[in-house]
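Nothing in this text is a laboratory measurement; each read-out follows from the coordinates by a stated rule. Computed from a predicted structure; not experimentally measured. In this analysis, Cβ positions are derived from the backbone assuming ideal geometry, glycine residues included, and neighbour counts consider all displayed protein chains.
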Amino acid sequence: MREALEGLFRSVGLAVKVFGSTAELMRSTLPSVPSCLVLDVRLPGISGLDFQTDLAAAGIRIPIIFMTGHGDIPMSVQAMKAGAIDFLTKPFRHQEMIHAVNRALAADRKRRAEHETVTEWQLLYESLTARERQVIALVSAGLRNKQVAADLGISEITAKVHRLHIMRKMRARSLADLVRIADALGIHRDKPGRI
């Protein structure tokens, strides 16, 4: 099955790396490009579903496509709830597998782009002063400049200046943009500056 899938994927121009076991995969370096795993539910030593759980626990967020000859509905539901892209039963059509892989690669591209964006926002956030971090927490909680000023014991004009600096430093085009960034970074009023 591995050889057949390797040939199928190569025939449509996909780069492929095959592994004989989960241990072999874990010893290898995962690619730093959009990728996915095609796993059989029944693997030697560990089930594919248990391996999916282990990957998530290790912080490895690679999309997974499961295939099985012995699947049932509870098994497929468990896989999908844990984030699997697809659950194909054997025998499956080649086109089904290719579509599943293309969906998984698109999902991984999106995940990687979002991760890069959040990493960039984190770096921008770290460039803020301590006072600006307090202000961003209050502004993202919906407080107006007058309320921010009262909460921090500063003038309204100073609160407004801080807000303008934050918008520029965080590269936010609007207040809604700034709130979205703060949410992505986990900045909350009750925990200003904590992410």
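Which pairs do you get when a residue that is under 14 Å from residue 1 (Cβ atoms), found in the stretch 12-27, comes within reach of a residue that is among the aromatic types (Phe, Trp, Tyr), reach meaning Cβ atoms under 8 angstrom, with the pair 6+ apart or on two chains?
Once the first residue is under 14 Å from residue 1 (Cβ atoms) and sits in the stretch 12-27, its partners that are among the aromatic types (Phe, Trp, Tyr) give 16/9.
Per-residue answers, yes or no, for (1) touching an Asp or Glu at 6+ places or on another chain (Cβ under 6 Å); (2) in a loop (DSSP other than H, G, I, E, B); (3) hydrophobic (A, V, I, L, M, F, W, C); (4) farther than 24 Å from residue 114 by Cβ:
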residue: 3; (1), (2), (3), (4): no, no, no, yes
residue: 18; (1), (2), (3), (4): yes, yes, yes, yes
residue: 24; (1), (2), (3), (4): no, no, no, yes
residue: 49; (1), (2), (3), (4): no, no, yes, yes
residue: 65; (1), (2), (3), (4): yes, no, yes, no
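If we keep just the residues of the stretch 80-105 that are closer than 19 Å to residue 60 by Cα and in contact (Cβ under 8 Å) with a residue 60 or more places away in the chain, which is farthest from the chain's Cα centre (by Cα)?
Within the stretch 80-105, the match that is farthest from the chain's Cα centre (by Cα) is 101.
Could we say that residue 77 is in contact (Cβ under 8 Å) with a residue 60 or more places away in the chain and surrounded by 11 or more Cβ atoms within 10 Å (Cβ to Cβ) here?
It is false that residue 77 is in contact (Cβ under 8 Å) with a residue 60 or more places away in the chain and surrounded by 11 or more Cβ atoms within 10 Å (Cβ to Cβ).
Please pick out the residue among 133, 171, 109 that is in contact (Cβ under 8 Å) with a residue 60 or more places away in the chain and touching a Phe, Trp or Tyr at 6+ places or on another chain (Cβ under 9 Å).
133
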